[in-house]
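Structure first, commentary second.
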Amino acid sequence: MEVELKYTITDDLIADRILNDPTLNKIKEPGSENTINMYSLYYDTIDYDLSKAKIAFRMRKENDKIQATVKWDGKVENGKHAREEINLALNDTTYMNNPTIEIFSKSPVEEKLVESSKGKRLIPIMKMDFVRNQFRVDDGEIICEVSVDKGQIIVGKAKTQISELEVELFLGKEEKLVKLGEELAKKYNLVPENQSKFEKGMELV
């Protein structure tokens with residue numbers, strides 16, 4: 001289960017201030033800072049059967065690493081996103097442009113993918129290209145990853161911007177995650193974001 005907070009960032013200066021926030025810096029895990037070039041392709045059947053079943057099927061290149069992801073059964077409340085998620089690291093780069101649901105064979109989501117896709121092949125429906133600046137924090141009660149994403153969602157000739165803060169819970173209580181998010185939102189005048197990147201892309205589709 002993935003649990004994270006999402007906030008829209010309307011100003012690049014605010015993004016820089018969050019990444020250098022003195023309170024976060026005090027609880028930042030040394031050496032956890034990272035900058036990742038994210039390039040994602042989302043796949044579905046020609047009839048969007050996976051999307052209709054509330055499933056997102058993603059292939060992502062993170063710098064030079066390839067990862068396949070399926071997300072489903074999402075719930076959202078005031079910027080808090082909770083959903084089932086499976087990630088698989090892949091060594092074969094050909095999967096990036098030619099994935100199949102068999103990638104997730106013998107996983108808990110296999111049956112759901114087989115049933116939802118109805119035997120149809122997968123085709124790309126959108127792509128995302130963004131840079132993620134992230135670091136991990138640990139205050140003794142929760143461990144979270146703080147990420148600032150900046151880039152684009154692209155569907156054909158249509159585009160929409162990505163500019164958001166994500167705070168993903170790794171260990172600890174959700175209540176502490178929400179409290180941290182509320183403190184950041186108040187400090188930087190952030191707006192909770194109830195749409196995922198995938199949902200924004202589906203609006204373009």
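Can you show me the helix-derived [θ] at 222 nm for the chain, built from DSSP H runs with n ≥ 4 at -39,500 (n - 2.57) apiece and divided by the number of residues, rounded to the nearest 500. The partial results should precede the final answer.
Values: 6 runs with 49 residues, N = 205.
Mean residue ellipticity, 222 nm, calculated: -6500 deg cm²/dmol.
Would any residue of the range 52-93 have its amide N under 19 Å from a label point 7 Å out along Cα→Cβ of residue 199? List them or say none.
Residues 52-58, 70-86 fall inside that zone.
Magnitude of the Cβ-charge dipole of the range 1-116, K/R +1 and D/E -1, about the Cα centre, nearest 20 debye?
Values: 16 positive and 22 negative charges, 40 e Å.
My answer is approximately 200 debye.
Taking only Cα atoms and a 10 Å spring cutoff, compute GNM fluctuations for the chain and point out the largest among 193, 182, 115.
Fluctuation is largest for 115.
Of 202, 20, 9, which is farthest along the charge dipole of the chain in the positive direction, counting Lys and Arg as +1 and Asp and Glu as -1 at C-beta?
Farthest towards the positive pole: 202.
Stretch residue 47-residue 88 to full length: gain in nm at 0.36 nm per residue minus the Cα-Cα span?
On the way: separation 41, 0.36 × 41 = 14.76 nm, distance 2.53 nm.
Answer, rounded to one decimal: 12.2 nm.
Rank 93, 169, 156 by how far each Cα sits towards the positive end of the charge dipole of the chain (+1 on Lys, Arg Cβ; -1 on Asp, Glu Cβ) and give me just the farthest.
Of the listed residues, the answer is 156.
So, with +1 on the Cβ of K and R and -1 on the Cβ of D and E, and no other charges, what is the size of the charge dipole of the chain about its Cα centre, to the nearest 20 debye? Intermediate values should be presented prior to the final figure.
On the way: 32 positive and 38 negative charges, 108 e Å.
That gives a dipole near 520 debye.
With only alpha-carbon pairs counted, each pair once and no self-pairs, how large is the Kirkwood hydrodynamic radius of the range 2-204 in angstroms? Before the final figure, lay out each step's value.
Details: mean 1/r = 0.0562 Å⁻¹.
This gives a value of 17.8 Å.
Find the Cα radius of gyration of the range 105-203, compare it with 2.2 N^0.38 Å by division, and give the number to two decimals. Kindly include the intermediate steps, with their values, before the conclusion.
Numbers: Rg = 17.3 Å, N = 99, 2.2 N^0.38 = 12.6 Å.
Compared with the compact-globule rule of thumb, the range 105-203 sits at 1.37.
Compute the distance in nm between two label points, each set 7 Å from the Cα along the Cα-to-Cβ direction, one at residue 11 and one at residue 183.
Label-label distance for residue 11 and residue 183, simple model: 2.2 nm.
At 0.36 nm per residue, and after removing the present C-alpha to C-alpha distance, how many nm does the segment from residue 75 to residue 2 gain when stretched out fully? Present the calculation step by step, with values, prior to reporting the outcome.
Values: separation 73, 0.36 × 73 = 26.28 nm, distance 1.05 nm.
Extra length available between residue 75 and residue 2 comes to 25.2 nm.
Values quoted throughout were computed directly from the atomic coordinates according to the rules given, and no laboratory measurement underlies them. Not measured: the values here are computed from a predicted model. All Cβ positions, even for glycine, are placed from backbone atoms using ideal geometry, and neighbour counts span all protein chains on display.
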